[in-house]
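Each remark here refers to the structure printed beneath this line.
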Amino acid sequence: MSDLLKVETEDGIRILTVHRPDKLNALNAEVMAALEAALDAVRGDDSVGAVIVTGSGEKAFIAGADIGELSKLSPLEGREHARRGQAIVGKLETLGKPVIAAVNGYALGGGCELALACTIRIASENARFGQPEVKLGIIPGYGGSQRLARVVGEGRAMQLCLTAEQIDAAEAHRIGLVNKVVPVGQALAAAREMAKAINANGPVACRYVLEAVRRGLEMPLSEGLVFEATLFGLCAATSDMKEGMGAFLEKRPARFTGR
Ligand code: COA
């Protein structure tokens, strides 16, 4: 347990809040370790259907990796630091549950990279995104050079990573970096609302959607379609499918069990 990460659960939604407001929620080793532990804990917890990641306060989601820590790294330590950061951020992507980033304020460097590994990004109007690493003489190290291009395309990723410019929420929305923009102070509430809507659906089906889309992106289309068809077939073995379709035919809300 660390004071730098708040962990709360309500209505089957785990909310992880990076709480280091005096440093704009920058990711130091303690925050990263707490995040890793929290993600490991939630993975096998069937009572939680969705996760939200956010930052304390309205000024910053996460203003990047901790520059004080980065400044002391030797080359070998730098490589290990990046690999560890990638592994922890990667856990957001492979959690088996949807993870929504509620981006309030600055999402720079590691903050933008962390948001990129989430399933869905909701930004408040004051959110600002950027990969400013080149200003410090480094490159993104928590997956930004890879995921940003996959999310917004090569040219835009190149521009963001090479110029170190910050973009506002409206521009992030325009280029597909965020799913939705909401008024200041509303990002967490909007994320909760979306998590609730997801949690009302068939849990096994949602898990398979995550796998089909994510893994499919790493496959040629023909393989991805076979993978989709296999998961589609597997759904027919679930009680959730019987319940979902039964509920529709009987004109009542479905009560899924996740089996
Ligand atoms: N690592 C460590 N500390 C950070 C930080 C980071 N990534 N981002 C902000 N902080 C700290 C500042 O050092 C400052 O600490 P201090 O009060 O002890 O001096 C505090 O957070 C507030 O930041 P400050 O710079 O005073 O706020 P600002 O409103 O003037 O500027 C930013 C906000 C986000 C533009 C600016 O903090 C910034 O550029 N941060 C670094 C962003 C970055 O390069 N991230 C990628 C790292 S790889």
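Within segment 9-20, residues that are in contact (Cβ under 8 Å) with a residue 40 or more places away in the chain sit with their Cβ atoms under 8 Å from residues that are part of a loop (DSSP other than H, G, I, E, B), at 6+ positions apart or across chains, in these pairs: Gly12/Ser47; Gly12/Val48; Gly12/Gly49; Ile13/Val48; Ile13/Gly49; Val18/Leu4; Val18/Asn25; Val18/Ser56. Among the residues of segment 86-112, just one is closer than 16 Å to Gly143 by Cβ, touching a Ser or Thr at 6+ places or on another chain (Cβ under 9 Å) and of a type in the set (D, E, K, R), namely Glu93. For segment 128-143, the set of residues classified as touching a residue at least 40 places away in the same chain (Cβ under 8 Å), assigned to a loop (DSSP other than H, G, I, E, B) and within 12 Å of the ligand (Cβ to nearest atom) consists of Ile138, Gly141, Tyr142, listed by residue number.
Can you name the number of the only condition in (1) surrounded by fewer than 20 Cβ atoms within 10 Å (Cβ to Cβ); (2) in contact with an Asp or Glu (Cβ under 8 Å, 6 or more places away or on another chain); (3) under 26 Å from Thr94 (Cβ atoms) that Val151 fails? If we test Val151 against (1) surrounded by fewer than 20 Cβ atoms within 10 Å (Cβ to Cβ); (2) in contact with an Asp or Glu (Cβ under 8 Å, 6 or more places away or on another chain); (3) under 26 Å from Thr94 (Cβ atoms), just (2) comes out false. The lone criterion from (1) within 16 Å of the ligand (Cβ to nearest atom); (2) out of contact with any helix residue (DSSP H, G or I) (no Cβ under 6 Å at 6 or more places or on another chain); (3) in contact (Cβ under 8 Å) with a residue 60 or more places away in the chain left unmet by Asp46 is number (1). The residue that is nearest to the ligand (Cβ to nearest atom), counting only those in segment 62-97 that are charged (D, E, K, R) and touching a Leu at 6+ places or on another chain (Cβ under 8 Å), is Asp66. Taking the criterion of being under 17 Å from Arg207 (Cβ atoms), of a type in the set (A, V, I, L, M, F, W, C) and part of a helix (DSSP H, G or I), the residues of segment 231-259 that qualify are Leu231, Phe232, Leu234, Cys235, Met241. Pairs please, first residue from segment 54-78 and under 15 Å from Leu136 (Cα atoms) and in contact (Cβ under 8 Å) with a residue 12 or more places away in the chain, second anywhere and in a helix (DSSP H, G or I) and of a type in the set (Ser, Thr, Tyr), Cβ atoms under 6 Å, 6+ apart in sequence or on different chains. If the second residue must be in a helix (DSSP H, G or I) and of a type in the set (Ser, Thr, Tyr), no pairs are left.
If you go through segment 24-32 one residue at a time, do you hit one that is among the small types (Gly, Ala, Ser), within 16 Å of the ligand (Cβ to nearest atom) and over 16 Å from Arg192 (Cβ atoms)? Scanning segment 24-32 turns up at least one residue that is among the small types (Gly, Ala, Ser), within 16 Å of the ligand (Cβ to nearest atom) and over 16 Å from Arg192 (Cβ atoms).
Of the helices (runs of 4 or more DSSP H) that lie entirely inside segment 144-221, those containing 1 or more residues that are touching a strand residue (DSSP E or B) at 6+ places or on another chain (Cβ under 8 Å) span 154-163, 169-174, 187-199. Restricted to segment 157-198, and to residues there that are of a type in the set (S, T, N, Q) and in contact (Cβ under 8 Å) with a residue 40 or more places away in the chain, the residue that is surrounded by the most Cβ atoms within 10 Å (Cβ to Cβ) is Gln166. Has segment 231-251 got any residue that is in contact with a Ser or Thr (Cβ under 8 Å, 6 or more places away or on another chain) and basic (Lys, Arg)? No, the conditions are met nowhere in segment 231-251. Look at (1) farther than 28 Å from Gln186 by Cα; (2) without any contact (Cβ under 8 Å) to a residue 40 or more places away in the chain; (3) hydrophobic (A, V, I, L, M, F, W, C) and you find that Ala37 fails only one, number (1).
Kindly provide the set of residues from segment 109-125 that are more than 12 Å from the ligand (Cβ to nearest atom) and surrounded by 18 or more Cβ atoms within 10 Å (Cβ to Cβ), ordered by number. Passing the criteria: Ala115, Leu116, Ala117, Cys118, Thr119, Ile120, Arg121, Ile122, Ala123, Ser124.
Since every read-out is calculated from the coordinates, none of them should be taken as a lab result. Fair warning: this is a prediction, and the values are worked out from it, not measured in the lab. We place every Cβ from the backbone using ideal geometry, glycine too, and count neighbours over all the protein chains shown.
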